[in-house]
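What follows is a single structure, written as structure tokens, with notes after it.
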Amino acid sequence: MNAVTHALEHVRTEQNWTSTLDGYGQRVRLPKYNIRPSVFSALTDSEAAKILRQIMPGLSHSEHDALSRLHSDMADLCESSWAVIVNQASIEAFGRPYQFTDYKICAIAREEFSEERKEQLRTLAYSRSKHLAAARAHAKLATGRMKMH
């Protein structure tokens, strides 16, 4: 399987993971917040871990460690797939490989890219951010330094 095919397959994987990642967006009551934060909107990794403890009670340290590594790996795959797709989009739009100086718009890089490519890039960029937040929250609970209840 070539790099573009592999990257597109990962886009489909991330689309299938949407409902799983949405679970981390569940908002809970947390002291010192005027709103109900989620794992994604918490200000610190420790606060995200407290939220995670409420939405996924009963997980062991080793389960949190496994989930942290899984989300970290998924974030890495999003990043590498984004790089492949942005390069392909640049070749399609400009006839040349992507250059760092081409980056103009958050997540999608360039307005000139096709709508299909922009949606793929958006999916990967947003999923990467969500996976990283989930990975950091799980990692906090995996260390055993926070009370698990």
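Sub-9 Å Cβ pairs linking a first residue in the range 20-35 that is on the phi > 0 side of the Ramachandran plot to a second residue that is surrounded by 10 or more Cβ atoms within 10 Å (Cβ to Cβ), at least 6 apart or interchain, are 32/47, ordered by first then second residue.
Just one of the listed residues (85, 35, 105, 91) is under 25 Å from residue 6 (Cβ atoms), at pLDDT below 95 and hydrophobic (A, V, I, L, M, F, W, C), namely 105. Looking only at residues that are of a type outside the set (D, E, K, R) and in contact with a helix residue (DSSP H, G or I) (Cβ under 7 Å, 6 or more places away or on another chain) in the range 35-50, which one is farthest from residue 21 (Cα to Cα)? Residue satisfying both the conditions and the ranking: 46. In summary, residue 89 fulfils each of the numbered conditions (1) touching a Lys or Arg at 6+ places or on another chain (Cβ under 6 Å); (2) crowded, with 19+ Cβ neighbours inside 10 Å; (3) within 26 Å of residue 136 (Cα to Cα) with the single exception of condition (3).
Residues are listed down the side, and each one gets a yes or a no for (1) touching a helix residue (DSSP H, G or I) at 6+ places or on another chain (Cβ under 7 Å); (2) part of a loop (DSSP other than H, G, I, E, B); (3) among the hydroxyl-bearing types (Ser, Thr, Tyr):
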| position | (1), (2), (3) |
| --- | --- |
| 12 | no, no, no |
| 20 | no, no, yes |
| 58 | no, yes, no |
| 62 | no, no, yes |
| 68 | yes, no, yes |
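For the range 56-73, the candidate set comprises residues that are under 29 Å from residue 120 (Cβ atoms) and either loosely packed, with under 15 Cβ neighbours inside 10 Å or basic (Lys, Arg) (or both); within that set, the residue that is farthest from the chain's Cα centre (by Cα) is 66. Checked against the criterion of being small (Gly, Ala, Ser), within 19 Å of residue 11 (Cα to Cα), without any contact (Cβ under 8 Å) to a residue 60 or more places away in the chain and out of contact with any strand residue (DSSP E or B) (no Cβ under 8 Å at 6 or more places or on another chain), the candidates 80, 127, 114 yield just one match: 114. Please determine whether any residue of the range 43-50 is hydroxyl-bearing (Ser, Thr, Tyr) and crowded, with 16+ Cβ neighbours inside 10 Å. The answer is no, given that none of the residues of the range 43-50 is hydroxyl-bearing (Ser, Thr, Tyr) and crowded, with 16+ Cβ neighbours inside 10 Å.
The values are calculated or read from the model by the stated rules, or taken from the named source; none is laboratory data. Only a predicted model underlies this, so the values are computations on that prediction, with no experimental measurement involved. Here the Cβ is made from the backbone with ideal geometry for all residues, glycine too, and neighbour counts use every protein chain on show.
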